[in-house]
2 protein chains.
Amino acid sequence: MDQSDRPNEREREAALPNKSAVPISLVTIKAACSQCSLHELCISEGLSKEELAKLDSLVGARRKLKRQQNLYRAGDPFEALYAIRSGFFKTDVLLEDGRDQVTGFQMAGEILGMDGIGTEVHSCNAVALEDSEVCVIPFAQLEQLSREIQALQHNFHKVMSRELVRDQSLMMLLGTMRAEERLAAFLLNMSQRFTTRGYSPAEFHLRMTREEIGSYLGLKLETVSRAFSRFQEEGLIAVQQKHIRIIDGAGLKRLLNARPR
Amino acid sequence: MDQSDRPNEREREAALPNKSAVPISLVTIKAACSQCSLHELCISEGLSKEELAKLDSLVGARRKLKRQQNLYRAGDPFEALYAIRSGFFKTDVLLEDGRDQVTGFQMAGEILGMDGIGTEVHSCNAVALEDSEVCVIPFAQLEQLSREIQALQHNFHKVMSRELVRDQSLMMLLGTMRAEERLAAFLLNMSQRFTTRGYSPAEFHLRMTREEIGSYLGLKLETVSRAFSRFQEEGLIAVQQKHIRIIDGAGLKRLLNARPR
DNA sequence: ATATCGTATTGACATGGATCAAAGCGACAG
DNA sequence: CTGTCGCTTTGATCCATGTCAATACGATAT
């Protein structure tokens, strides 16, 4: 695989995507969008120097989370959005009867917490799936600043809208696809998002369990496991626990499109 | 049923929710949020007189759609949001292989088109399920005005966020519920939304086919039909084609919560 | 090394919903 | 009134995925 010039997913931890040379670990504790290597993925995208400076002064401290720690829980009062600086999260919703559903997996550069805007209360749980760090963006101040900075306002609207579109795809997946199609779509989506962040499109480490994947895809963990095994038998991927190598990406894509039923 | 003091869903057509006395048919063709009976449900909620006036001047003409007409299609350039003034819509997404999925049903007071903000292109189709009318809200101008009017900005953000939360519930439904639970959830949701608009919570007319309901709920039309029949046998509802009367709403709710698996 | 614990794999079987097929019903045109 | 068309209902069967259970694997601790 084309691993040579890309950081290995396995040991990357807080390492940077290769599009920047600034190591995160040396950056000050206070968030600084102006210096952030992710800012092309984030709401700071396309802002001028002065605008970035204003955003810097808005964005509060960073917050570190250990694996399995909650960033927020359903029912928590909503105060801020969170930009993921490093790490990996899941969001999930709990039903009274104990059933739950993972509604998304989020990685560096993505925004968490928008579910709380409408009701002032978070509607889902956000949990770190590995040690992670987020920038805290107090929402009232974000609204205020985005009244001053058109580009910021528009970026924010775009992020929310893209989230709506993402949800549409997931509904499509949950409503119309069979187990193997769902998993293929999931793997391709992961691959694509890792690629955007400068990692290998073909080899990555899943941070979530089979059960979490299953919950996200509306399947049982056994079905997920079987589908992985099947893909492996067919030479589409190599699986070793949470380590995935995509051997035949085109084959996975074919699984998605060639299902007339 | 508590029909006496509420308009009958069957014949209401363009009639108003009973919270207002202004008949729509007499209102000028140009949209006027300041006079709109729905404005408590819409982005104009809570604005002052002067702010409403500004919004009026922004909101473009209204647009009438006949049943089955598209408001927009996937791929259309995004220019405006649409506030539903009267009528009933569905949104759906098409896959290359012909499969499609209804992603939502929208009624008066709700906003359509937000899927297009992120990419400047609509990602789904919006189709009128009955003769309908929408207010056209040019988006660039909405952004501009919401930089001036804090309440407008916040309303808009709330609407988008609530849409995200709605999508979460649908994912939950598609990912974890069985056929009858899905349909019960659907009926209760419809009932609740009709209620908000001043109609009977217990009796309403569905504008969509069994197939569209099925597509929305991730089920086949036969399964939807069978579930309706089952509910009727059990005395939960009375169905006659598209006309639904909820007899035992509590029973429907029980179906939702009491399923430990 | 060995024990333990969470996670993953695999097999055997059960079942809910899909599929296929045939009527039934209501609205509308002629 | 009669025929047509789209939609809905209902029945018979099939199959993908869920369920239950056993085993395996890998990391960590002892």
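Largest first and in whole Å, what are the equivalent-ellipsoid semi-axes of region A:110-246 based on the Cα gyration tensor, each being the root of 5 times an eigenvalue? Please list the in-between numbers first.
Working: eigenvalues 218, 54, 42 Å².
The three semi-axes for region A:110-246 are 33, 17, 15 Å.
Report the FRET efficiency, 1/(1 + (r/R0)^6), for residue B:95 and residue A:99, where r is their Cβ-Cβ distance and R0 is 25 Å, rounded to 0.05. Before the final figure, lay out each step's value.
Numbers: r = 28 Å, r/R0 = 1.11.
Here the calculated transfer efficiency is 0.35.
Place the label 7 angstrom along Cα→C-beta at residue B:120 and in each other copy, then list the distances from the first to the rest in nm, shortest first.
In ascending order, 3.8 nm.
Give the nm distances, rounded to one decimal, from residue A:70 to the matching residue in every other copy, measuring between label points 7 Å along Cα toward the beta carbon; shortest first.
4.4
Peptides B:125-136, B:203-214: what's the order by average Cβ count within 10 Å, highest mean first?
Top of the packing list down: B:125-136, B:203-214.
Would you mind giving the mean number of other chain beta-carbons within 10 Å of the Cβ of each residue in A:135-147, as a whole number?
Mean inter-chain Cβ contacts per residue within 10 Å come to 2.
Calculate the mean, over all residues of peptide A:96-102, of how many other protein chain Cβ atoms lie within 10 angstrom of the residue's Cβ.
Values: counts 3, 7, 2, 7, 3, 9, 2.
The mean count of partner-chain Cβ atoms within 10 Å per residue comes to 5.
Placing unit charges on C-beta atoms (Lys and Arg positive, Asp and Glu negative, everything else neutral), compute the dipole magnitude of chain A about its Cα centre in debye, rounded to 20.
It comes to approximately 520 debye.
If you place +1 on the Cβ of every Lys and Arg, -1 on the Cβ of every Asp and Glu, and leave all else neutral, what size is the dipole of region A:42-177 about its Cα centre, to the nearest 20 Debye?
Values: 15 positive and 20 negative charges, 72 e Å.
Dipole size: approximately 340 debye.
What is the helix-to-structure angle for A:179-196, meaning the angle in degrees between its Cα long axis and the longest Cα principal axis of chain A, kept from 0 to 90 and rounded to the nearest 10?
40 degrees
Between residue B:247 and residue A:58, what is the FRET efficiency for a Förster distance of 45 Å, r being their Cβ-Cβ separation, to the nearest 0.05?
Given R0 = 45 Å and the Cβ-Cβ separation, E is 0.25.
Once both axes come from the Cα atoms, what is the angle between helix A:150-176 and the longest principal axis of chain A, in degrees from 0 to 90, rounded to 10?
Computed tilt is about 20 degrees.
Output needed for region B:142-221: three equivalent-ellipsoid semi-axes, defined as square roots of 5 times the C-alpha gyration tensor eigenvalues, in descending order, whole Å.
With the √(5λ) rule applied to region B:142-221, the semi-axes are 30, 17, 11 Å.
Given q = 0.15, 0.22 Å⁻¹, what are the Debye log10 I(q)/I(0) values for region A:200-241, with equal point scatterers placed on the Cα positions and solvent ignored?
Evaluating at q = 0.15, 0.22 Å⁻¹ gives log10 I(q)/I(0) of -0.37, -0.77.
Which whole number gives the average count of other chain Cβ atoms within 10 Å of the Cβ atoms across peptide A:152-159? Walk me through the numbers before you get to the answer.
Numbers: counts 0, 5, 4, 0, 2, 10, 4, 2.
What the average comes to for A:152-159 is 3.
Scan region B:50-144 for chymotrypsin sites (Phe, Trp or Tyr not before Pro) in coil per DSSP, keeping those whose Cβ has at most 13 other Cβ atoms within 10 Å, and list them by number.
none
I'd like the distance separating the alpha-carbon centroids of region A:191-252 and region B:95-174, in whole Å.
32 Å
Relative to the other copies, what are the label-point distances for residue A:209, with labels 7 Å from Cα along the C-beta vector, expressed in nm at one decimal and sorted shortest first?
4.4
Taking the alpha-carbon set of chain A, what are its Rg and Dmax in Å?
So, for chain A, Rg and Dmax equal 18.8, 56 Å respectively.
Hey, can you grab everything whose amide H is under 5 Å from the amide H of residue A:88? Only 5+ residues off in sequence or another chain; H modelled, so Pro and N-termini drop out.
Here A:129, A:130 satisfy the definition.
For the protein assembly as shown, what is the per residue volume of the convex hull drawn over the alpha-carbon atoms, in cubic angstrom?
Dividing the Cα hull volume of the protein assembly as shown by its residue count gives 148 Å³.
Do the alpha carbons of any pairs in A:49/A:158; A:158/B:242; A:158/B:54; B:90/B:242; A:49/B:158 sit beyond 26 Å of each other, and which pairs?
A:158/B:242; A:49/B:158
Rounding to the nearest 10 and keeping the result within 0 to 90°, find how far the Cα-based axis of helix A:139-148 lies from the longest principal axis of chain A.
Helix A:139-148 sits at roughly 70 degrees to that axis.
Dividing the alpha-carbon radius of gyration of region A:88-162 by 2.2 N^0.38 Å (N being the number of residues), what value is obtained? Present the calculation step by step, with values, prior to reporting the outcome.
Working: Rg = 14.1 Å, N = 75, 2.2 N^0.38 = 11.3 Å.
Region A:88-162 yields a ratio of 1.24.
Given the convex hull over the Cα atoms of region B:218-261, what projected area results after averaging over all orientations, in nm²?
3.6 nm²
In deg cm²/dmol, rounded to 500, what helix-only [θ] at 222 nm does the protein assembly as shown give when every DSSP H run of at least 4 residues adds -39500 (n - 2.57) and the total is split over its residues?
Counting only the DSSP helices, I get -12000 deg cm²/dmol.
Values in this text are rule-based calculations from the coordinates and carry no lab data. What you see is a predicted model; the values in this text were computed from it and never measured. When we count neighbours, we look across all protein chains shown, and the Cβ atoms used for this are built from the backbone with ideal geometry, even at glycine.
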